[in-house]
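Comments concern the structure below.
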Amino acid sequence: MKQIIILGVGNILWADEGFGVRAVEALHERYEFPENVRLIDGGTQGLTLLPIIEDAEVLVILDAVDYGLSPGSLHLVDDDAVPYCLSAKKMSLHQTSMLDVLGLARLNGRLPARMRLIGVQPLNLENYGASVTPSVKAQIDPAVAETVAFLIGQGVVVNARPPDQQVEPLGPLCVGLAAYESGCFA
């Protein structure tokens with residue numbers, strides 16, 4: 001069985017930057033997948049994601065991406081069109097971007113055979129502590145649907161969870177979208 005990684009990346013504490021993590025959380029809450037499919041809250045882990053990406057045969061990345069489109073626009077990019085680069089202008093190793101990680105995987109000759117980037121055009125990346133804006137939040141469901149359709153196209157059996165099924169959170173419970181927006185930190 002091919003190894004499939006569904007990776008939500010971004011910082012949930014920086015408004016729309018948290019889109020990818022929120023989308024992968026929603027996917028985890030709504031669907032069950034076979035063992036060869038891993039859903040990962042990549043957050044801002046940077047280089048620690050490299051071995052995970054290099055071991056994947058299929059990679060789906062959910063992220064906020066500045067395409068220069070209208071805020072909240074969902075945009076899909078496949079395979080060779082998924083951007084990757086190594087940028088030299090950094091203050092520290094903590095500034096490793098997803099593009100850098102993909103660039104390193106390419107340099108190592110270990111990019112996944114299939115890749116899909118599901119990106120949303122952010123409206124706000126500057127409001128520290130805010131949740132995703134309404135226009136970006138509205139794209140979580142379509143991003144989940146696009147991910148499911150892509151996986152089915154890869155031959156993956158995707159099963160909807162019963163609506164009343166309790167699911168272990170993908171990350172810490174208090175930073176889940178509903179808890180975060182209700183002010184669990186207050």
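In table form, for the structure just shown:
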{"quantity": "The stretch 41-52: number of residues that are part of a helix (DSSP H, G or I) and crowded, with 17+ Cβ neighbours inside 10 Å", "calculated": "4"}
{"quantity": "Some residue of the stretch 23-34 being surrounded by fewer than 19 Cβ atoms within 10 Å (Cβ to Cβ), in contact with a strand residue (DSSP E or B) (Cβ under 8 Å, 6 or more places away or on another chain) and either polar (S, T, N, Q) or more than 21 Å from residue 153 (Cα to Cα) (or both)", "calculated": "no"}
{"quantity": "Lone unmet requirement of (1) within 15 Å of residue 101 (Cα to Cα); (2) surrounded by 21 or more Cβ atoms within 10 Å (Cβ to Cβ) for residue 55", "calculated": "(2)"}
{"quantity": "Some residue of the stretch 24-36 being touching a helix residue (DSSP H, G or I) at 6+ places or on another chain (Cβ under 6 Å) and either more than 21 Å from residue 104 (Cβ to Cβ) or modelled with pLDDT of 90 or more (or both)", "calculated": "yes"}
{"quantity": "Counted residues, the stretch 58-84 - those being of a type outside the set (A, V, I, L, M), modelled with pLDDT under 85 and exposed (fewer than 11 other Cβ atoms within 10 Å of the Cβ)", "calculated": "1"}
{"quantity": "Unmet requirement for residue 132, which otherwise passes all of (1) among the β-branched types (Val, Ile, Thr); (2) touching a Phe, Trp or Tyr at 6+ places or on another chain (Cβ under 9 Å); (3) free of Cβ contacts under 8 Å to residues at least 40 places away in the same chain", "calculated": "(3)"}
{"quantity": "Restricting the stretch 162-171 to residues that are surrounded by 10 or more Cβ atoms within 10 Å (Cβ to Cβ) and under 23 Å from residue 43 (Cβ atoms), the residue that is modelled with the highest pLDDT", "calculated": "167"}
{"quantity": "Test: residue 20 is closer than 14 Å to residue 6 by Cβ, under 13 Å from the mean Cα position of the chain (by Cα) and part of a strand (DSSP E or B)", "calculated": "no"}
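The values are calculated or read from the model by the stated rules, or taken from the named source; none is laboratory data. Note that the coordinates shown come from a computational prediction; the quantities given were computed from them, not determined experimentally. Positions of Cβ are backbone-derived with ideal geometry, glycine not excepted, and every protein chain shown enters the neighbour counts.
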